[in-house]
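One structure is given here, and the rest of the page talks about it.
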Amino acid sequence: MTEAIAVISFDGFLDREQRSERRHELVGGRVYAMSGGSERHDLAAGLVYELLAAGARASGCRPFTSNRLVRTRSGNAYYPDVMVVCGQAPHRLYETDPALVVEVLSPSTADVDRREKAVAYADATSLRLLVLVDPDTRRMELARPVSGVIDAWEVRGPGEVLATEFGDIDVDALYDSIDRTATTS
């Protein structure tokens, strides 16, 4: 027996997303509800945003937190935890050309972030840096895609600094701040 699976267009997704009280992502024409993040997840995203926002603005770019969509070349739509865009927005509801994307990992989505989203984000020719932040362990994974391809991943850990064109992220200072601020584990 063959069963048809409903798919939705990007425009149909945008229309539904504007009316929804909950955020969703679009992958291969299918809509997926986003799960909530932990306290440490939200603190990590907010602190990384704070570290990069002033440098992004000083460079003539626009920093965003997790409420701005990225439409990928394949037609998928994601909400990165932190994003910097240096070009004009193609639409009032989404971006297509991020220069920097940060995803804070969650146990339920870490594999998706490392595989599906990494490939989709790398396909943007404008992307210069993709960073995956583990909110619980002092570890950041980074890739610098070239021509839409990730050739290698690097790791930054304790005692190291991740230099970006929008500001540096001192691993220990970031996680010290998360540890001081978080009230849950």
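The values are calculated or read from the model by the stated rules, or taken from the named source; none is laboratory data. Since the model is a prediction, treat every value here as computed from it, not as a measurement. All Cβ positions, glycine included, derive from the backbone under ideal geometry; neighbour counts span all protein chains shown.
Determine whether the range 12-22 contains at least one residue that is in contact (Cβ under 8 Å) with a residue 40 or more places away in the chain and either in a loop (DSSP other than H, G, I, E, B) or within 16 Å of the chain's Cα centre (by Cα) (or both). No, the range 12-22 contains no residue that is in contact (Cβ under 8 Å) with a residue 40 or more places away in the chain and either in a loop (DSSP other than H, G, I, E, B) or within 16 Å of the chain's Cα centre (by Cα) (or both). Within the range 31-74, being modelled with pLDDT under 95 and under 22 Å from residue 125 (Cβ atoms) holds for 73, 74.
Looking for something more than 15 Å from the chain's Cα centre (by Cα) and within 20 Å of residue 43 (Cβ to Cβ) - is there at least one such residue anywhere in the range 117-130? Can you show your working first?
Filtering the range 117-130 for residues more than 15 Å from the chain's Cα centre (by Cα) gives 125.
Those left that are additionally within 20 Å of residue 43 (Cβ to Cβ): none.
Looking through the range 117-130, none of the residues is more than 15 Å from the chain's Cα centre (by Cα) and within 20 Å of residue 43 (Cβ to Cβ).
For the range 34-70, filtered to residues that are of a type in the set (Ser, Thr, Tyr) and either more than 22 Å from residue 163 (Cβ to Cβ) or without any contact (Cβ under 8 Å) to a residue 12 or more places away in the chain (or both), the residue that is surrounded by the fewest Cβ atoms within 10 Å (Cβ to Cβ) is 35.
When the range 79-128 is filtered for residues that are small (Gly, Ala, Ser) and within 25 Å of residue 50 (Cβ to Cβ), the ones remaining, listed by number, are 87, 89, 99, 106, 110, 118, 124, 126. Going residue by residue through the range 144-164, is there one that turns out to be surrounded by 13 or more Cβ atoms within 10 Å (Cβ to Cβ), of a type in the set (Gly, Ala, Ser), within 17 Å of the chain's Cα centre (by Cα) and farther than 15 Å from residue 82 by Cβ? Yes, the conditions are met somewhere in the range 144-164.
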